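Q: Let me begin by handing over the structure; questions about it come next.
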Amino acid sequence: MAKTKYENYSKEQLIAKLEKLEKKGYGLVWEDKPEKIADRCEKELPVLVEDKKKEIKKDPEKPTHFIFEGDNYHTLYTLNFTHKKGIDVIYIDPPYNTGKTDKAGKTDFRYNDRFIKKEDRFRHSTWLSFMNKRLRLAKNLLKDTGIIAISIDDNEVFNLKLLCDKIFGELNHIGTVPTIMNLKGNQDQFGFAGTHEYTLFYAKVKSKATILEFDVEEDSDDLWSNDEKGPYKKGRGILADGKEKYREDREQMYFPLLIKDDKVSLIQEEEHSKIYDKNTDTFDDDFVKLLIEKYKNKGFEVVLPINSKNELLRWTWGYDHKFQTHIKDVIVTRTKNGITLNKKQRPKLGNLPSKKPKSVLYRPEYSSGNGTNQLKEILGYEAFNNPKPIELIKDILFLTGKKDAIILDFFAGSGTTGQAVIELNKMDEGQRQCILCTNNENNICEEVTYPRLQRVINGYNDVRGIPANLKYFKTDYVPIVLTDNDKRNLVAKSTELLCIA
């Protein structure tokens, strides 16, 4: 009978373990699977060794990107020495654990040198154990302002959501966003023609994280105008709705607004103070009627916060501060039902109009076939099955990171993330730095990931290169029990780690 990790537990330790499991009322439970690479990292010191022959130097003023060849558990373990709390954005496209086999009998998910097939009764538990180890190491790498984005499909999306809730915290969940990859739909699927995958977004600390907005394209449906402050479009109405919308809920926010030539102005401060009496907790509706009559005689249209049911409501802005400073940011719209008032929504990206990303990611450029064609154009042959399209990764990285972000992809595959970072830097003169981690199964790192970035930097076919710098490292180990020779070896290899840091 196979030994278990509980064999050497005392009776008290086993009882404590059972009590802990019984207390766990809600959440994801799986059997933790031992993993060779994780065990080895506990017994030997993992390091990275540079392959100088693969170094690319194009422009000393541009960032240096890294490729780490080896198991990503190893590289994540190592990065915790060099980049702990130093990563701005993590994007990963892990194995989807479909269990489907290809012509060679291989699946998309390999664990301890064994491909996990669909009929494996522990398939989900094995995948969760694999992801749990890596995501916990990855969390330590994120800055407090950092964000992680993960691509996944139906096979593991709900397990992954619960796992990420456990690791990053449910309150740090930003969104589980359907991502349209095939608008026509996969006709081979049962029942429904599948059109989408998912992208999960989590923050290290949600209150400190930022999701940017997309630039508005020229053919966008969003209608933008300009005033002396710059571009704006119609935002939400300033008439309160939802909870606490009535005038009794915010007494000082009930008063008439004056309109002339489609410009909004305020009544006098002394007039505002007479509408509600704090001492008697009453509104002087007769005085309001006199105000309306007074300003109508002066040629103003007078608007009170009243809805279609003639309920007396309030404005979302207060008289003393918001209206005083933003009175010119109110849009007057005339409809058959009267006048509506909306605030001007300003862009968050300097002078460029922008729009908040929707809870579904879709552009025609996200088609999964585009990723295959883009890689084929660079390398000259179909080197990888369904790599992510470049525009999808660029959009995800744009939304989640700054122009000088350090970006990590520890399931780098064909290197789409690396190309996306280099192209984004060219587009907005950014200084983003990319760290790619991938194993070399089927020579993918040496024959796909590296050549792809090499050609993006140096140029290919008739496409001009994009100046950038690249370093290539391989994983290695040093024994914990060190001989004099081992110590010299460790010092030499540690120097390279310090250079990476």
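The values are calculated or read from the model by the stated rules, or taken from the named source; none is laboratory data. Since this is a predicted model, take the numbers as computed values, not measurements. Every residue, glycine among them, receives a Cβ derived from its backbone with ideal geometry; neighbour counts consider all protein chains shown.
Q: Quick check on region 442-452. Is at least one of its residues of a type in the set (Val, Ile, Thr), at pLDDT 95 or above and not in a helix (DSSP H, G or I)?
A: Within region 442-452, not a single residue is of a type in the set (Val, Ile, Thr), at pLDDT 95 or above and not in a helix (DSSP H, G or I).
Quick grid of which residues meet (1) aromatic (Phe, Trp, Tyr); (2) in the same structural domain as ASN469 (by TED's automatic domain parsing); (3) modelled with pLDDT of 90 or more:
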{"residue": "LYS336", "(1), (2), (3)": "no, no, no"}
{"residue": "TYR381", "(1), (2), (3)": "yes, yes, no"}
{"residue": "PRO387", "(1), (2), (3)": "no, yes, yes"}
{"residue": "GLU391", "(1), (2), (3)": "no, yes, yes"}
{"residue": "LEU399", "(1), (2), (3)": "no, yes, yes"}
{"residue": "ILE422", "(1), (2), (3)": "no, yes, yes"}
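Q: Let me ask something additional. Out of all the residues in region 59-76, is one or more touching a residue at least 12 places away in the same chain (Cβ under 8 Å), assigned to a loop (DSSP other than H, G, I, E, B), acidic (Asp, Glu) and crowded, with 21+ Cβ neighbours inside 10 Å?
A: Of the residues in region 59-76, the ones touching a residue at least 12 places away in the same chain (Cβ under 8 Å) are 59-60, 62-76.
With assigned to a loop (DSSP other than H, G, I, E, B) added as a condition, the list becomes 59-60, 62-63, 70-71.
Of the ones still in play, those that are also acidic (Asp, Glu) are 59, 71.
Remaining after also requiring crowded, with 21+ Cβ neighbours inside 10 Å: 71.
Within region 59-76, one or more residues are touching a residue at least 12 places away in the same chain (Cβ under 8 Å), assigned to a loop (DSSP other than H, G, I, E, B), acidic (Asp, Glu) and crowded, with 21+ Cβ neighbours inside 10 Å.
Q: Quick one: how many residues across region 136-180 are over 21 Å from LEU212 (Cα atoms) and in contact with a Leu (Cβ under 7 Å, 6 or more places away or on another chain)?
A: Of the residues in that region, 12 qualify.
Q: Let me ask something additional. Assess whether ARG432 counts as being in the same structural domain as VAL89 (by TED's automatic domain parsing), in contact with a Ser or Thr (Cβ under 9 Å, 6 or more places away or on another chain), at pLDDT 95 or above and of a type in the set (D, E, K, R).
A: Working: in the same structural domain as VAL89 (by TED's automatic domain parsing): yes; in contact with a Ser or Thr (Cβ under 9 Å, 6 or more places away or on another chain): no; at pLDDT 95 or above: yes; of a type in the set (D, E, K, R): yes.
In short, no.
Q: Same structure again: Scan region 375-389 and tell me whether some residue there is within 28 Å of ASP144 (Cα to Cα) and crowded, with 22+ Cβ neighbours inside 10 Å. Let's see the steps before the verdict.
A: The initial filter retains those residues of region 375-389 that are within 28 Å of ASP144 (Cα to Cα), namely 388.
Then drop every residue that is not crowded, with 22+ Cβ neighbours inside 10 Å, which leaves 388.
Within region 375-389, one or more residues are within 28 Å of ASP144 (Cα to Cα) and crowded, with 22+ Cβ neighbours inside 10 Å.
Q: Moving to a separate point now. Output the helices (runs of 4 or more DSSP H) that fall wholly within region 368-440 and possess 1 or more residues being more than 16 Å from ILE457 (Cβ to Cβ), among the hydroxyl-bearing types (Ser, Thr, Tyr) and free of Cβ contacts under 8 Å to residues at least 60 places away in the same chain, or say none.
A: Values: elements: 368-379, 390-400, 416-428.
Per the criteria, 368-379.
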